[in-house]
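The values are calculated or read from the model by the stated rules, or taken from the named source; none is laboratory data. Computed from a predicted model, the values in this text were never measured in an experiment. Methodologically, a virtual Cβ is constructed for each residue, glycine included, from the backbone with ideal geometry; neighbour enumeration extends over all protein chains shown.
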Amino acid sequence: MTRQQTHKLAVAVITIVAAIVVIPIILVIGVVFWNGLPALSWEFLTQPPTNGMREGGIMPAILGTVLLTFGTAIASFPLSIAAAIYLAEYAGDTRLTRWVRMAIVNLAGIPSIVYGLFGLGMFVLFFGFGTSIVAGALTLGILTMPVVISTAEEAILSVPQEFRTVSLSLGATKWQTIRHQVLPNAMPGIITGIILGLGRAAGETAPILFTVAAFYLPELPKSIFDQTMALPYHLYVISTQVPGMPLEIQYSTALVLLLIVLSLTLVATLVRTRMRRRREW
Amino acid sequence: MKTKIEVRDFDFYYGDFQALKGMNIPIAEHRITALIGPSGCGKSTFLRSLNRMNDTIPGARAEGEILLDGKNIYDPKVDVVELRQRIGMVFQRPNPFPQSVYDNVAFGPRVLGMAKRGRAMDEMVRESLEGAALWNEVKHRLDDSALNLNPGQQQRLCIARTIAVKPDVILMDEPCSALDPVATLSVEDLMRELAEEYTIVIVTHNMQQAARVSDYTGFFWLGELVEFSETDELFRAPREPLTEAYITGRRG
């Protein structure tokens, strides 16, 4: 084989492999849309389930997932961003920070059911929040921290050193430099990390299983210490626990969940490209 | 004439490497002092010692004294943040923040609490831009991104940003090395004007520039100050053979 032929073969193989990666994604999305779209209606989105969840809509589960996503944001982000600022700007390279970094990497690799059990022990029982939105949001918050911390840290580190130097040379303190130069410039990256973290949190089932999710609760939660239904768990329930469940409701529920997660990812991408275009260096 | 900055037996180390050896330099108030010498001779290190920008480098260490208005800036009691407000800096590459022209100039006064938004700040921004001979070119595009200005304008914007915090001294680290000859001339003219109000120390690779703009010149070689005198004298009749070799070698 000549070198040119080898080159062509390599390109062909790589292209095929890339296509193979894309196929499952398209299939999953395609199948869910194909089967879920017909049963999707305004009533489905705005009515509570009836007749043992075999009829009616999924409004409480949608609302629950939205509430949990917001709660996750509140629980995770101040802490994650503070941690990212510390690691990127203050920590340096010491034994302690190496441990912290290792902990964050490992946190990302922990199976989500373990987060669920941790949340049960820590927030539901030890802190006595009970099975509640607070407990679920805190559990999901911890789950999102690794991805938010690492993307935020990367975004902060990618701000040119020169901006810091100039800011300091003008008599700004280190904190003012971070607050007024580094963070605004790192914001697109940080927001991307936040939204990707939220997308992950919105779709998780195991962490909310013991901490917040209700099997069947058509009433809406009245406070953050109430239980709520949530889409991923609802999907799990109607797919495995309810006999005689119409297939199209299952698919429509999956479709709604998929749309929420996909739209979060889409927003993340848009925010990033928009803010990138505005700030260039 | 008053000495603004008095450098006394100043040594500087990066770890074990001694970058500056026994510096003694008087820097005259409202004059331009140029520092010349080959790359790696320590002139930039010296410049950054004057506003303690080297402090952030791990393993860096200073010995000796640098007196600003008679007070040692390496005294442990000195507030570095305040010092840097008094000794501003302009860098080699024009490096405006990726913000509007206005916000670039307003950044310093804002974080230092010198003026709030509104008319006082507008006034401050205008004064600084006028001071940097840039006002007429940008007065109608203050909200434009600073990155849309040409390199010469960007560098003058950086100068405006520096003088906005009302420093006594301006340090310039090869401020024209990224500029074309026309922009270089405009910055040099500006330096002469600025010298009426500020004390200026400039590091430059360009000996003609040192000869054109400065009142005093110091020649650095391998971390030592070989010669320091009035610019005319240094270029016309250098005392040290090394200085002469350097300036004539570069001229040819």
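What to note about this one:
- Picking from residues in the stretch A:35-64 that are outside any helix (DSSP H, G or I) and polar (S, T, N, Q), the one that is surrounded by the fewest Cβ atoms within 10 Å (Cβ to Cβ) is A:Asn51.
- Helices (runs of 4 or more DSSP H) fully within the stretch B:136-252 counting 3 or more residues that are without any contact (Cβ under 8 Å) to a residue 40 or more places away in the chain and not polar (S, T, N, Q): B:181-194, B:231-236, B:241-251
- Residue within the stretch A:85-102 that is in a helix (DSSP H, G or I), within 30 Å of A:Ala214 (Cα to Cα) and either among the polar types (S, T, N, Q) or under 16 Å from the mean Cα position of the chain (by Cα) (or both) present: no
- Those helices (runs of 4 or more DSSP H) lying entirely in the stretch B:28-118 with at least 3 residues modelled with pLDDT of 90 or more, surrounded by 15 or more Cβ atoms within 10 Å (Cβ to Cβ) and within 9 Å of chain A (Cβ to nearest Cβ): B:80-86, B:101-111
- Qualifying residue in the stretch B:152-165 (condition: of a type in the set (Lys, Arg) and within 29 Å of B:Arg8 (Cα to Cα)): no
- Checking each residue in the stretch A:185-214 for being farther than 30 Å from A:Leu125 by Cβ and touching a residue at least 40 places away in the same chain (Cβ under 8 Å) picks out A:Asn185, A:Met187, A:Pro188, A:Gly189, A:Ile190, A:Ile191, A:Thr192, A:Gly193, A:Ile195, A:Leu196.
- Whenever a residue of the stretch A:252-266 is surrounded by fewer than 21 Cβ atoms within 10 Å (Cβ to Cβ) and of a type outside the set (A, V, I, L, M), its partners that are part of a helix (DSSP H, G or I) and at pLDDT below 95, lying with C-beta atoms within less than 6 angstrom and at least six residues away or across chains, give the pairs A:Thr265/A:Gly199.
- Among the conditions (1) more than 21 Å from the chain's Cα centre (by Cα); (2) over 19 Å from B:Phe91 (Cβ atoms); (3) surrounded by 20 or more Cβ atoms within 10 Å (Cβ to Cβ), B:Leu149 misses just one, which is (2).
- Looking at A:Ile113, A:Ile142, just one residue is buried (at least 18 other Cβ atoms within 10 Å of the Cβ), away from every other protein chain (no Cβ under 14 Å) and touching a helix residue (DSSP H, G or I) at 6+ places or on another chain (Cβ under 9 Å), and that residue is A:Ile142.
- Test: residue in the stretch A:217-239 that is surrounded by fewer than 21 Cβ atoms within 10 Å (Cβ to Cβ), of a type in the set (Phe, Trp, Tyr) and more than 14 Å from chain B (Cβ to nearest Cβ): yes
- Qualifying residue in the stretch B:63-75 (condition: over 30 Å from B:Leu185 (Cα atoms) and of a type in the set (Ser, Thr, Tyr)): yes
- Scanning the stretch A:147-183 for residues that are touching a residue at least 24 places away in the same chain (Cβ under 8 Å), within 12 Å of another protein chain (Cβ to nearest Cβ) and surrounded by fewer than 18 Cβ atoms within 10 Å (Cβ to Cβ), we see that the one that is farthest from A:Met275 (Cα to Cα) is A:Lys174.
- Residue within the stretch B:114-129 that is free of Cβ contacts under 8 Å to residues at least 24 places away in the same chain, over 19 Å from the mean Cα position of the chain (by Cα) and closer than 29 Å to B:Asn24 by Cβ present: no
- With respect to being over 30 Å from B:Lys2 (Cα atoms), within 12 Å of chain A (Cβ to nearest Cβ), surrounded by fewer than 21 Cβ atoms within 10 Å (Cβ to Cβ) and modelled with pLDDT of 90 or more, B:Leu142 falls outside the description.
- Flag for A:Phe118 being touching a residue at least 40 places away in the same chain (Cβ under 8 Å) and farther than 24 Å from A:Ile191 by Cβ: no
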